[in-house]
Amino acid sequence: MTMRSRLSFLFLTIVFFMSLTGFGWARGVTEDFEAVEDRRVETNELVVYTYDSLAGTLRRLIESHFAEEYGVTVTLERIGDTGTLYTQTFLERDDPRADVVIGFDESFIPRLRRDRLFEAYEPSNIDLVRPELAVTDDWLVTPFDFGFITLNYDSEALSEPPASWDDLLDDRFRNSIIMLHPGTSSPGRNFLLASIAEFGEDGFVEFWEALSPNILTVTGGWSEGYGLYTQGEAPLVISYETSPAFHREFEQTNRYRSAIFDDRAYMQIEVAGIVRGARNRLNAERLIDFIVSEEFQREIPFTQFMYPIHPAVELPQSFLEGNVDVEGVRLDNDLIEENFSAWLEAWEDALR
């Protein structure tokens with residue numbers, strides 16, 4: 001499939017998602033859920049939705065923790081990438097099946113608030129390595145990891161990686177980049193936001209028009225895109241600044257590296273939240289408490305290959321060899337919510 005035909009297909013797949021979340025269809029949200037206090041009772045189950053790439057180690061850790069501590073059976077369902085995850089949560093808003101959703105990034109917060117999909121809960125044991133990780137004042141969501149979105153490159157296939165945004169437009173990178181779709185992938189979304197932060201709302205389209213010849217393909221999610229990259233389909237991919245740590249740790253190679261321009265990259269904070277109307281509210285609170293605990297957070301580097309939010313967790317050497325002093329770039333979440341549909345459409349047009 002060509003890049004443009006793939007883009008057209010992917011655009012159609014997110015039209016339904018965008019129509020639900022972008023045009024105020026949430027006005028019919030039901031008001032008749034039981035009070036939180038009435039749902040904060042002992043039950044023997046917990047239903048969790050997450051994205052496809054949540055590590056199996058973390059899923060098993062959650063399941064074993066609840067079985068051993070509370071005698072609770074956890075049903076943990078992986079619901080595609082973040083766009084699909086949001087759509088599923090939205091469609092069930094009047095009769096929610098999930099109690100907790102893990103995996104949105106902070107840019108979804110205005111939408112979660114507008115569509116009234118989550119209920120606030122402040123973890124009893126929250127301790128953050130960076131104050132900016134507390135992304136809401138009312139704890140509508142809780143951060144559980146963070147990282148920086150940038151380009152990764154294969155140093156064996158690319159001896160001279162791009163050194164700047166402008167350098168990325170050079171002809172030597174023709175058909176060399178695997179892009180992730182901003183409508184369905186959090187890293188893809190945040191790389192688009194990074195370009196807007198760099199070039200402004202008036203200049204980012206021109207950048208993408210110039211970059212288009214250098215994009216080999218656009219995939220719907222990170223797993224597919226990064227898989228193509230490691231299979232040698234292209235030497236550049238949108239990913240996390242910490243992705244090379246995986247290869248350093250488990251493959252003992254420094255072949256895969258991150259390309260960070262001016263020591264700055266877009267900061268992605270991943271969050272979890274309790275679904276509004278959650279039937280197993282007490283167990284949902286227990287899960288939020290658990291995922292911010294030091295026990296759970298110790299597993300973040302070697303499962304998510306992201307940074308843990310807990311200050312007591314020491315980073316492994318494979319992380320310390322990377323770029324840990326990256327300056328985080330972020331756009332205002334309300335600005336994103338107000339403009340993202342238009343930005344996405346402009347991006348789509350630029351790559352046609």
| message | Criterion first (polar (S, T, N, Q) and at pLDDT below 95) does residue 195 satisfy it? | response | no
| field | Residue within the stretch 144-151 that is more than 30 Å from residue 120 (Cα to Cα) and at pLDDT 95 or above present | value | yes
| field | Hey, residue 135 in contact (Cβ under 8 Å) with a residue 40 or more places away in the chain, farther than 17 Å from residue 259 by Cβ, over 13 Å from the mean Cα position of the chain (by Cα) and surrounded by fewer than 24 Cβ atoms within 10 Å (Cβ to Cβ) or not | value | yes
| Yes or no: residue 235 surrounded by 24 or more Cβ atoms within 10 Å (Cβ to Cβ) and not hydroxyl-bearing (Ser, Thr, Tyr)? | no
| Tally time: how many residues in the stretch 51-100 are touching a strand residue (DSSP E or B) at 6+ places or on another chain (Cβ under 8 Å), within 23 Å of residue 225 (Cβ to Cβ) and buried (at least 21 other Cβ atoms within 10 Å of the Cβ)? | 4
| message | Being assigned to a helix (DSSP H, G or I), more than 26 Å from residue 62 (Cα to Cα) and either touching a strand residue (DSSP E or B) at 6+ places or on another chain (Cβ under 9 Å) or in contact (Cβ under 8 Å) with a residue 40 or more places away in the chain (or both) is the requirement here; does residue 172 meet it? | response | no
| query | Across the stretch 310-352, what is the number of residues that are part of a helix (DSSP H, G or I) and either at pLDDT below 90 or at positive phi (or both)? | reply | 1
| task | Please enumerate the residues belonging to the stretch 103-119 that are closer than 18 Å to residue 277 by Cβ, hydrophobic (A, V, I, L, M, F, W, C) and part of a helix (DSSP H, G or I). | result | 112
| said: I'd like the residue in the stretch 321-333 that is within 15 Å of residue 147 (Cβ to Cβ) and either free of Cβ contacts under 8 Å to residues at least 40 places away in the same chain or touching a helix residue (DSSP H, G or I) at 6+ places or on another chain (Cβ under 7 Å) (or both) and, out of all such residues, is surrounded by the fewest Cβ atoms within 10 Å (Cβ to Cβ). | reply: 324
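The values are calculated or read from the model by the stated rules, or taken from the named source; none is laboratory data. Just so we're clear, the structure is a prediction, and the values are computed from it rather than from any experiment. Backbone-built Cβ (ideal geometry, glycine too); neighbour counts: all protein chains shown.
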